[in-house]
Amino acid sequence: MESESESGAAADTPPLETLSFHGDEEIIEVVELDPGPPDPADDLAQEMEDVDFEEEEEEEEGNEEGWVLEPQEGVVGSMEGPDDSEVTFALHSASVFCVSLDPKTNTLAVTGGEDDKAFVWRLSDGELLFECAGHKDSVTCAGFSHDSTLVATGDMSGLLKVWQVDTKEEVWSFEAGDLEWMEWHPRAPVLLAGTADGNTWMWKVPNGDCKTFQGPNCPATCGRVLPDGKRAVVGYEDGTIRIWDLKQGSPIHVLKGTEGHQGPLTCVASNQDGSLALTGSVDCQAKLVSTTTGKVVGVFRPETVASQPNLGEGEESESNSVESLGFCSVMPLAAVGYLDGTLAIYDLSTQTLRHQCQHQSGIVQLLWEAGTAVVYTCSLDGIVRLWDARTGRLLTDYRGHMAEILDFALSKDASLVVTTSGDHKAKVFCVQRPDR
């Protein structure tokens with residue numbers, strides 16, 4: 001663990017790196033794009049008493065903070081065009097895989113990349129606060145704790161590290177198996193992660209108290225802590241879904257066989273009260289699950305794949321998959337994003353397809369704007385799009401990346417979108433909506 005003096009010195013040292021997601025559904029509308037009472041869970045941390053157990057590059061002049069406002073030379077890409085971003089963070093030297101915003105103030109971002117590096121930086125001007133140093137593999141997971149006091153980073157090898165944001169000190173680290181996903185508990189300094197050996201881990205930070213939740217003998221590919229803070233939904237490579245009791249360390253429900261998926265899970269989301277979960281898979285299905293009963297209450301499939309008669313057996317899962325999904329907070333709607341570029345808006349009350357919005361490239365992730373029926377998508381064409389889920393209409397889009405967008409985050413007031421890309425950059429876009 002790094003001492004305060006060492007951490008402070010590291011933070012003051014200028015960086016050496018170059019800165020530069022039912023077959024009986026009815027399609028209501030298809031939009032083609034032109035080319036282009038709550039349970040407090042704060043006690044969970046206290047209840048965890050039983051434990052189961054390179055080469056330096058020259059610094060580019062004028063970019064001392066690691067950010068630029070103009071496109072950089074030397075990045076090869078076919079997406080030349082306007083840059084709508086306000087700030088570009090360019091301290092990474094390879095693809096930037098993940099981004100998260102601090103939940104309390106939404107003024108800081110943490111990004112991780114293929115360069116084995118993670119950085120905490122300021123959204124307003126791109127100023128670097130500190131580097132989360134010490135990773136030796138691609139940083140694929142990064143996020144702030146519920147109160148923004150801690151930031152965690154995880155790399156593909158399974159090395160997880162946690163820093164205290166105000167002191168910039170590393171306060172905890174752990175080496176697990178190959179990392180699949182990582183998420184903070186919504187109300188406590190507790191970190192969860194899923195690994196390739198099938199385990200889900202839960203640590204109290206920084207003292208390190210640990211529980212493990214043993215799944216099948218295959219990777220735990222995705223997971224989500226439910227809003228009550230007492231349960232988590234975890235998906236696995238063999239298509240099974242487990243709903244875990246975090247305090248007891250035991251599964252409440254296991255969905256497998258026809259109840260589970262027919263391929264590895266890719267994503268999971270829950271609605272606001274945690275009564276419903278939505279799971280996605282490479283089998284192209286999204287399953288609506290009651291977290292209370294553990295029963296599947298709805299199955300959604302893409303019309304685009306089902307309507308292609310020439311697809312051979314097994315081809316569907318190879319050519320398409322569910323990449324991202326989520327619930328609207330103000331209407332009974334769910335959005336599912338597919339690798340073939342389809343954004344499907346489903347009406348949960350009738351379990352029918354309400355709108356289908358086509359992208360020119362695969363969807364990487366989608367996010368609902370809080371308190372509205374607007375859904376944001378980012379895709380492999382490097383564009384962020386805003387859709388009105390009530391009408392299926394495209395509201396606006398934001399461009400500026402020279403390669404695919406790999407992750408994005410939305411501020412609580414939906415005024416900022418922060419993206420990361422294969423062009424080695426992270427960008428901050430100011431969202432301007434005429435209807436607000």
(Q) Is the C-alpha gyration tensor of the range 216-303 telling us rounded, prolate or oblate? Criteria: a/c under 1.5 is rounded; beyond that, a/b larger than b/c is prolate, otherwise oblate. (A) oblate
(Q) On a 1.4 Å probe surface of the protein chains, which of Leu386, Leu339 comes out largest in accessible area, and what is the full order? (A) Leu339, Leu386
Q) Which value results when the Cα radius of gyration for the range 338-409 is divided by 2.2 N^0.38 Å? A) 1.08
Q) Tell me which lysines have Cα within less than 18 Å of Lys287's Cα, excluding those fewer than 8 residues away on the same chain? A) Lys256, Lys295
Q | Met202, Met331, Met402, Met156, reordered so the largest accessible area comes first (probe 1.4 Å) | A | Met156, Met331, Met402, Met202
Q: Sticking to Cα atoms, compute the Rg of the range 89-129 to one decimal and its Dmax as the biggest Cα-Cα distance, whole number, in Å.
A: 9.9, 29
Q: Assuming a ≥ b ≥ c are the square roots of the Cα gyration tensor eigenvalues, decide whether the range 77-201 counts as rounded (a/c under 1.5), prolate (otherwise, with a/b larger than b/c) or oblate.
A: oblate
Q) Ignoring ligands, DNA and RNA, what percent of the 1.4 Å accessible area of the range 154-312 is carbon and sulfur? A) 45 percent
(Q) Using only the Cα atoms of the range 142-297, what semi-axes does the equivalent ellipsoid have when each is the square root of 5 times a gyration tensor eigenvalue? Give whole Å, largest first. (A) 27, 16, 13
Q | lysines with Cα under 17 Å of Lys425, excluding same-chain neighbours fewer than 8 positions away | A | Lys117
Q.
Going by average Cβ density within 10 Å per residue, which order do the peptides 390-396, 98-104 take, highest to lowest?
A. 98-104, 390-396
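With 18 Å as the limit, write out which pairs from Lys161/Lys204; Lys136/Lys168; Lys104/Lys136 have Cα-Cα distances beyond it, or answer none.
Over 18 Å apart, Cα to Cα: Lys136/Lys168; Lys104/Lys136.
The values are calculated or read from the model by the stated rules, or taken from the named source; none is laboratory data. Nothing here was measured: the structure is a model prediction, and the numbers come from that model. Ideal geometry is used to build each Cβ from the backbone, glycine not excepted, and the neighbour counts take in all protein chains shown. Ligands, DNA and RNA are stripped out before the accessible areas are found, and what is left, the full protein with its side chains, is counted by its heavy atoms. Shrake-Rupley method; radii C 1.70, N 1.55, O 1.52, S 1.80 Å.
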